[in-house]
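Let me begin by presenting the structure, written as structure tokens, before commenting on it.
The values are calculated or read from the model by the stated rules, or taken from the named source; none is laboratory data. All figures in this text were calculated on a predicted structure; none of them were measured in a lab. Every residue, glycine among them, receives a Cβ derived from its backbone with ideal geometry; neighbour counts consider all protein chains shown. To get the accessible areas, we keep the full protein, side chains included, count just its heavy atoms, and leave off ligands, DNA and RNA. Shrake-Rupley method; radii C 1.70, N 1.55, O 1.52, S 1.80 Å.
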Amino acid sequence: RTGIIRIPVVVHVIWHTAAENISDAQIHSQIDVLNADFRRLNADAGSVPSAFAGVAADARIEFALAVRGPGCAVTTGITRTETSVTGWTRNQTGMLSAAGGGHDPWDVTKYLNVWVCNYTDGLLGKGSFPGMPNQGVRCHYRAFGSTGTLSAPYDLGRTMVHEVGHYLNLNHIWGDDGSLCSGTDNVDDTPNQADEHYGTPTFPQVSCSNGPDGDMFMNYMDYTDDAGMFMFTAGQSARMDATLHTARTGLLA
Ligand code: ARG
Ligand code: ZN
Ligand code: CA
């Protein structure tokens with residue numbers, strides 16, 4: 001694909017305290033991060049080790065807050081809902097509906113629905129794979145965007161990059177098999193990797209006989225700090241593209 005795909009986004013801010021009612025500026029900063037990272041325009045793109053630079057890719061996907069809501073009314077692409085719920089844990093889904101104390105999604109086939117809320121169990125975010133229930137992405141308000149109310153080291157907007165990766169069918173880069181080396185992320189140009197990484201590892205980190213270059217821990221689909229992740233691969237880009245042309249064609253309209 002040579003063209004750029006632009007995905008319409010609606011952000012549902014579900015807040016109890018004033019701090020959770022994040023600013024428009026914080027929301028816009030998240031859209032900016034998505035647009036930088038999915039176009040390989042991120043300022044840290046040059047930090048990719050030369051061993052992996054050849055597969056680092058521009059995914060040619062952009063994001064824009066919706067300008068028309070359901071029924072075609074003009075919109076900012078942002079909804080704000082005050083809730084009596086003080087916080088959520090990872091398996092709760094109340095934020096996803098008005099009945100549960102949150103906000104109903106807009107047509108999940110036409111918009112990327114994002115819910116920003118207060119998680120109290122350490123969860124940063126959650127993205128639904130195609131075909132799963134509860135389509136969209138959820139994110140902790142302190143890990144959303146790159147300016148505003150944020151908590152280091154998840155303060156550069158990369159939680160949403162990772163979760164939107166899941167939403168476009170990307171698996172964790174280590175294959176979610178514990179450290180067995182038998183799992184796969186279903187992408188050919190990422191090395192087989194034993195386990196996830198945290199923090200900001202130094203290159204190289206060898207596992208699963210993948211030396212000398214080792215794990216691609218700087219990939220958005222690992223678990224490093226926001227400052228430690230700065231690339232998608234061409235294979236991941238192709239997998240996201242295939243998803244947009246099958247399970248998520250409604251976003252292309
Ligand atoms: N779903 C993961 C979690 O909540 C997201 C990890 C995102 N990593 C990051 N550096 N922002 O643990
Ligand atoms: Zn994940
Ligand atoms: Ca792989």
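Pairs are defined by a Cβ separation below 7 Å, a sequence spacing of at least 6 or placement on different chains, a first member in region 233-247 that is of a type in the set (A, V, I, L, M, F, W, C) and more than 16 Å from ligand 1 (Cβ to nearest atom), and a second member that is open to solvent by 30 Å² or more (accessible area, probe 1.4 Å) and part of a loop (DSSP other than H, G, I, E, B); the pairs so defined are Ala234/Val55; Ala234/Asp189; Met240/Asn169; Ala247/Pro130; Ala247/Gly131. Across region 169-183, the qualifying residues are those that are within 15 Å of ligand 1 (Cβ to nearest atom) and crowded, with 20+ Cβ neighbours inside 10 Å, and the one among them that is farthest from Ser207 (Cα to Cα) is Leu170. Restricting region 211-227 to residues that are more than 15 Å from ligand 3 (Cβ to nearest atom) and over 15 Å from the mean Cα position of the chain (by Cα), the residue that is farthest from Asn186 (Cα to Cα) is Pro212. Cβ-Cβ distances below 8 Å connect the following pairs, each with a first residue in region 170-195 that is assigned to a loop (DSSP other than H, G, I, E, B), a second residue that is basic (Lys, Arg), and a separation of six or more residues or different chains: Leu170/Arg239; Asn186/Arg239; Val187/Arg239. In summary, Gly71 fulfils each of the numbered conditions (1) assigned to a loop (DSSP other than H, G, I, E, B); (2) open to solvent by 40 Å² or more (accessible area, probe 1.4 Å); (3) of a type in the set (Gly, Ala, Ser) with the single exception of condition (1). The number of residues in region 226-242 being acidic (Asp, Glu), open to solvent by less than 30 Å² (accessible area, probe 1.4 Å) and more than 14 Å from ligand 2 (Cβ to nearest atom) comes to 0. Residue pairs whose Cβ atoms lie under 9 Å apart, sitting 6 or more positions apart in sequence or on different chains, and linking a residue in region 45-56 that is open to solvent by 70 Å² or more (accessible area, probe 1.4 Å) to a partner that is assigned to a loop (DSSP other than H, G, I, E, B), are Gly46/Phe230; Gly54/Asp189.
Among residues of region 6-31 being in contact with a helix residue (DSSP H, G or I) (Cβ under 6 Å, 6 or more places away or on another chain) and part of a strand (DSSP E or B), the one that is surrounded by the fewest Cβ atoms within 10 Å (Cβ to Cβ) is Ile7. Screening the candidates Leu41, Leu34 for the property of being within 28 Å of Asp215 (Cα to Cα) and either open to solvent by 70 Å² or more (accessible area, probe 1.4 Å) or of a type in the set (Gly, Ala, Ser) (or both) yields one hit, Leu41.
Say whether the condition of being under 16 Å from Phe63 (Cα atoms), hydrophobic (A, V, I, L, M, F, W, C) and touching a residue at least 24 places away in the same chain (Cβ under 8 Å) is met by at least one residue in region 214-231.
no
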